[in-house]
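Everything below concerns the one structure shown next.
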Amino acid sequence: MLNIAVVGLGWWGRIVVDLLAGSEKLRVVRVADVAPQGEASAAQRALPFSSSFEAVLRDPQVQGVVLCTPHSQHTEQIVAAAGAGKHVFCEKPLSMTRADVLRAIAAVEQAGVALAVGHEKRFEPPVQEVMRLLQSGALGTPLQVEANFSQDKFLSLSADNWRLSAREAPAGPMTATGIHLLDLAVGVFGEAETVHASVRQLGSQLTNGDTLAALVTFRRGGHALLTAILATPFAGRFAVYGSQGWAEVRDRTHPEAPEGWTLTTCLRGERAVAVDIAPAPAVLRNLEAFADAALGVAPYPVPREQMVANVSALEAIFRSAASGAIERVEN
């Protein structure tokens, strides 16, 4: 059992705390938030509360931290946690720049602690089956990824919420949901080479953008066409097209409360086959994979070089959304 502190008790932080109440691998022993309402959330759950991150790091009972904090804080918090000998699970994006993610990873490697990131889509059973089909060669050479992750949960946020800040969430839909799709594309193709992204404010009050489209090319070939919208009801789709077949995953609900998926596959010379996949707690499975890594049970299944590749491409998408031009990805 890994004793952890959840840092940040906003919408997602509260979901994580409640989800971990049923875990057999992680125990929440402390929560922290700088906002006054955080203490009330902690009291409702009968959990010790800290108003500072430093207090969490001083707690000898805390073996690891789960960071559900604003994006710009992640790198410094990872470095500080590693320096205190704490294992780190960080919500996405791990960092906002390639230089910062390299610094964060260097800190955890020097400290010898585990590092995990909140890309729960990698732990969804149908996505894992698509990756298995790719690795087995059943789909042939991967040619293209097409994916969408849209939601309208942010429409009710107050204008001063950090998720609507151009500083904390540049290219708004990208840091909200598109980053998950970019992560999956990196899992298929590896390091990105160029990006061309467009972000618009078309159907909401979200001033950092509500509609994203991005074309990503990869060093070893292949494209990813990624879309994310924050002004439409939930939609989730991940499809991989290969030289011998294709596979598509469609989500039924948002990952916070999964109700299952539909997986459709089509191999050359055969009819497309669609199967229903039962709900599974992908968010919890990711967190428990972090616990396994921290306790030496099994390596964390997302390679650190892919964590770096994802943030490197993310930084280029920020530049492209601002410039309107094709931007090269630093590798």
Would you check if residue 207 is farther than 12 Å from residue 226 by Cα, out of contact with any Asp or Glu (no Cβ under 6 Å at 6 or more places or on another chain), assigned by TED's automatic domain parsing to the domain that holds residue 323 and part of a strand (DSSP E or B)? no
Members of region 234-261 found to be in contact (Cβ under 8 Å) with a residue 60 or more places away in the chain and of a type in the set (S, T, N, Q), listed by number: 243, 244
Could you identify the single residue in 54, 91, 76 that is more than 19 Å from residue 118 (Cβ to Cβ) and either of a type in the set (Asp, Glu) or assigned by TED's automatic domain parsing to the domain that holds residue 311 (or both)? 54
Residues (over 23 Å from residue 295 (Cα atoms), surrounded by fewer than 20 Cβ atoms within 10 Å (Cβ to Cβ) and among the aliphatic types (A, V, I, L, M)) located in region 26-46: 34, 35, 40, 43, 46
List pairs: first residue in region 16-31 and in contact (Cβ under 8 Å) with a residue 60 or more places away in the chain and among the hydrophobic types (A, V, I, L, M, F, W, C), second residue surrounded by 15 or more Cβ atoms within 10 Å (Cβ to Cβ) and part of a strand (DSSP E or B) anywhere in the structure, Cβ distance under 7 angstrom, at least six positions apart or on different chains. 16/6; 16/66; 20/26; 20/28; 26/2; 26/4
Extreme residue, farthest from residue 8 (Cα to Cα), among residues of region 140-181 that are under 17 Å from the mean Cα position of the chain (by Cα) and polar (S, T, N, Q): 148
Criterion first (of a type in the set (A, V, I, L, M), assigned by TED's automatic domain parsing to the domain that holds residue 130 and part of a strand (DSSP E or B)) does residue 181 satisfy it? no
Taking the options 262, 253, name whichever one is part of a loop (DSSP other than H, G, I, E, B), of a type in the set (Val, Ile, Thr) and within 22 Å of residue 150 (Cβ to Cβ). 253
Residues that are at pLDDT 95 or above, under 21 Å from residue 182 (Cβ atoms) and small (Gly, Ala, Ser), at least 2 per element: which helices (runs of 4 or more DSSP H) completely within region 68-157 meet that? 98-111
What are the residues in region 128-170 that are buried (at least 18 other Cβ atoms within 10 Å of the Cβ), aliphatic (A, V, I, L, M) and within 23 Å of residue 254 (Cα to Cα), if any? 130, 145, 147, 164, 169
Residue in region 60-78 that is over 25 Å from residue 302 (Cβ atoms) and aliphatic (A, V, I, L, M) present: no
Condition first: closer than 23 Å to residue 15 by Cβ, in a loop (DSSP other than H, G, I, E, B) and not aliphatic (A, V, I, L, M). Now tell me which residues in region 273-310 satisfy that. 279, 281, 300, 301
Got at least one residue in region 21-33 being in a helix (DSSP H, G or I) and in the same structural domain as residue 108 (by TED's automatic domain parsing)? no
Among the residues of region 271-302, what is the count of those that are in contact with a Gly (Cβ under 7 Å, 6 or more places away or on another chain), free of Cβ contacts under 8 Å to residues at least 24 places away in the same chain and closer than 24 Å to residue 92 by Cα? 1
Those residues that are in contact with a helix residue (DSSP H, G or I) (Cβ under 9 Å, 6 or more places away or on another chain), closer than 14 Å to residue 148 by Cα, among the hydrophobic types (A, V, I, L, M, F, W, C) and surrounded by fewer than 23 Cβ atoms within 10 Å (Cβ to Cβ), I need them from region 195-249; list them, please. 231, 234, 239
Residue 181 passes all but one of the listed conditions (1) surrounded by 19 or more Cβ atoms within 10 Å (Cβ to Cβ); (2) more than 27 Å from residue 202 (Cβ to Cβ); the exception is number (2)
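The values are calculated or read from the model by the stated rules, or taken from the named source; none is laboratory data. Predicted, not measured: the structure shown is a model, and the values here were computed from it. Using ideal geometry, Cβ is built from the backbone for each residue, glycine included, and neighbour counts are taken over all protein chains shown.
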